[in-house]
1. Looking at V33, V68, which is the one that is buried (at least 17 other Cβ atoms within 10 Å of the Cβ), of a type in the set (A, V, I, L, M) and touching a Gly at 6+ places or on another chain (Cβ under 7 Å)?
2. Among the residues of the range 111-128, is there at least one that is assigned to a loop (DSSP other than H, G, I, E, B) and within 23 Å of the chain's Cα centre (by Cα)?
3. Within the range 11-43, can you find the residues that are in contact with a helix residue (DSSP H, G or I) (Cβ under 8 Å, 6 or more places away or on another chain) and farther than 23 Å from R108 by Cβ?
4. Given the condition surrounded by 17 or more Cβ atoms within 10 Å (Cβ to Cβ), touching a residue at least 40 places away in the same chain (Cβ under 8 Å), outside the structural domain of Y19 (by TED's automatic domain parsing) and within 25 Å of L78 (Cα to Cα), answer yes or no: does some residue in the range 107-129 qualify?
5. What are the pairs with Cβ atoms under 6 angstrom where one residue, in the range 194-211, is assigned by TED's automatic domain parsing to the domain that holds K156 and the other, located anywhere, is assigned to a loop (DSSP other than H, G, I, E, B)? Sequence gap at least six, or different chains.
6. Confirm whether S86 is closer than 19 Å to I171 by Cα, hydroxyl-bearing (S, T, Y) and assigned to a helix (DSSP H, G or I).
Amino acid sequence: MPSQGKVSLPVIKRLPKYYRYLSEMKQKGVTKVSSSELARMMGTTASQVRQDFNCFGGFGQQGIGYEVSRLHNEIGTLLFKENSLSTILIGTGRLGTAISSYLNNDARGYRLLAAFDVKEEVIGTELCGMTIQHIDNLREFCKSNSPDVAVLCIPKLSAKQLAPTLVELGIKGFWNFSHYDLTVEYPGMIVENVHLGDSLMSLSYRVNNLE
């Protein structure tokens, strides 16, 4: 299996979409799917589908198509490992609360270990079965538990100030809602930036400029 560095980011970003469609097909009892059928769902071409899968050695035989269950399992193996990624949440406001619920109930491949905040009124309260800790405990916690991923639901300036500590503590990846792009100062860091405002503005433009 090739390493992430040998597979282009656009291919990696298409894997979850393949996985989602295959999950839906499994639920409907579909057992076989062709590259052309997958291409129609993905809004791409059959050639692109085959090229994507060839990055990982290919999952089917030309002219025969793909077994849905096997392909679903193969892509699941690429996306998820046996051991879930240990995860910490920083920022427990409305967004952080919603994200913690999603991680605990709906997200596969992640194990939420702890939540941190600076607001005294929430320190010691419960969030998804965890006691919210003060950010001052972050260093000690990370040294003891070695989390893999940090979810940032904090303002941009706070994220910028905290980033050096998180990188130093060995965080391997960030799910970043802060609008601070860590990759500018940490180009080797794995970061998934989520800009809710950008997405809404793009939607606004597209709707307002319909012909």
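1. Criteria check complete, one pass: V33.
2. Among the residues of the range 111-128, at least one is assigned to a loop (DSSP other than H, G, I, E, B) and within 23 Å of the chain's Cα centre (by Cα), which makes the answer yes.
3. Matches in the range 11-43: K32, S34, S35, S36, A39.
4. no
5. V194/F177
6. When the stated conditions are applied, S86 does not pass them.
So that you can scan it fast, the table gives a plain yes or no per residue for (1) surrounded by 14 or more Cβ atoms within 10 Å (Cβ to Cβ); (2) small (G, A, S); (3) assigned to a loop (DSSP other than H, G, I, E, B):
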position: S144; (1), (2), (3): no, yes, no
position: A159; (1), (2), (3): yes, yes, no
position: F174; (1), (2), (3): yes, no, no
position: G197; (1), (2), (3): no, yes, no
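Listed here are the residues, each with its yes/no results for (1) modelled with pLDDT of 95 or more; (2) closer than 18 Å to L95 by Cα; (3) in contact with a Leu (Cβ under 7 Å, 6 or more places away or on another chain); (4) among the aromatic types (F, W, Y).
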position: V151; (1), (2), (3), (4): yes, yes, yes, no
position: I154; (1), (2), (3), (4): yes, yes, no, no
position: A159; (1), (2), (3), (4): yes, yes, yes, no
position: A163; (1), (2), (3), (4): yes, no, yes, no
position: N176; (1), (2), (3), (4): yes, yes, yes, no
position: M189; (1), (2), (3), (4): no, no, yes, no
position: L196; (1), (2), (3), (4): no, yes, no, no
position: S199; (1), (2), (3), (4): no, yes, no, no
position: S202; (1), (2), (3), (4): no, no, no, no
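The values are calculated or read from the model by the stated rules, or taken from the named source; none is laboratory data. On a predicted model such as this, the values are computed, not experimentally measured, just so you know. With ideal geometry, Cβ positions are generated from the backbone for all residues, glycine too; neighbour counts draw on all protein chains shown.
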